[in-house]
Structures are given as C-alpha cells and as structure tokens.
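J.: Here it is, the structure, as structure tokens.
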Amino acid sequence: MPSAKRPTQIVVLVVCGALGAGALTGCETTQEKASAQRAESERILEARDKRQAQKKKHKQQQQNQKKGEG
C-alpha cells in the first residue's frame, strides 16, 4: 500500500518545517536578547564612568580648597 506512506511523509515534512521555523524564530529572540543585554551593559558602564568622573572632580575641588586654606 504505497498510498499510505504519502500522508505520513507529508506529516513528517510539516512537523520538520514547523520545528525548523521555530528554531529560526528562537535564534532571533536570542539575538535580540543579547543585543538588549549589550545595550544595557553599555548604559551601565557609561553611568559608572560618569559617576567616577564626578567623584574625581569633586575630590580635586576639595584638594584645591585645602591648598587655598593651608
């Protein structure tokens, strides 16, 4: 009965296609998550650099005031 094999093959192809499409979609979301994580990391590092620069500036101002007093 060769006709019985045909529907089974079609079902297998449909299932494999659906799994393949799902895998590709999953990769996109993983890439999007990684991109968002990189952007968040950049924002965190920039904020840290800004805080350190402000702290350094404040420290220098305090040292300059002490020199002026002494």
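J.: Work out how much length Gln52 to Ala23 would gain on full extension: take 0.36 nm times their residue separation and subtract the Cα-Cα distance, in nm to one decimal.
T.: 6.1 nm
J.: Also: Considering just Cα atoms, how many Å³ per residue does the convex hull of the chain enclose?
T.: 36
J.: Given a 10 angstrom Cα cut-off, can you work out which residue in Leu45, Leu24, Leu13 is the most mobile in a GNM of the chain?
T.: Leu13
J.: Roughly how many debye, to the nearest 20, is the charge dipole of the chain about its Cα centre, given +1 on each Lys and Arg Cβ, -1 on each Asp and Glu Cβ, and no other charges?
T.: 560
J.: Another question, then. Expected output is a single nm value to one decimal: the length gained when fully extending between Gln31 and Asn64, i.e. 0.36 nm times separation in residues minus the C-alpha distance. What is it?
T.: Once the chain is fully extended between Gln31 and Asn64, it gains 7.0 nm.
J.: For the chain, what does -39500 (n - 2.57) per DSSP helix run (n ≥ 4), summed and divided by total residues, give at 222 nm, in deg cm²/dmol to the nearest 500?
T.: -35000 deg cm²/dmol
Computed from the coordinates by the stated procedures, all read-outs in this text should not be read as laboratory data. Only a predicted model underlies this, so the values are computations on that prediction, with no experimental measurement involved. Because the Cβ atoms are built from the backbone with ideal geometry, glycine has one as well, and the counts that use them run over all protein chains shown.
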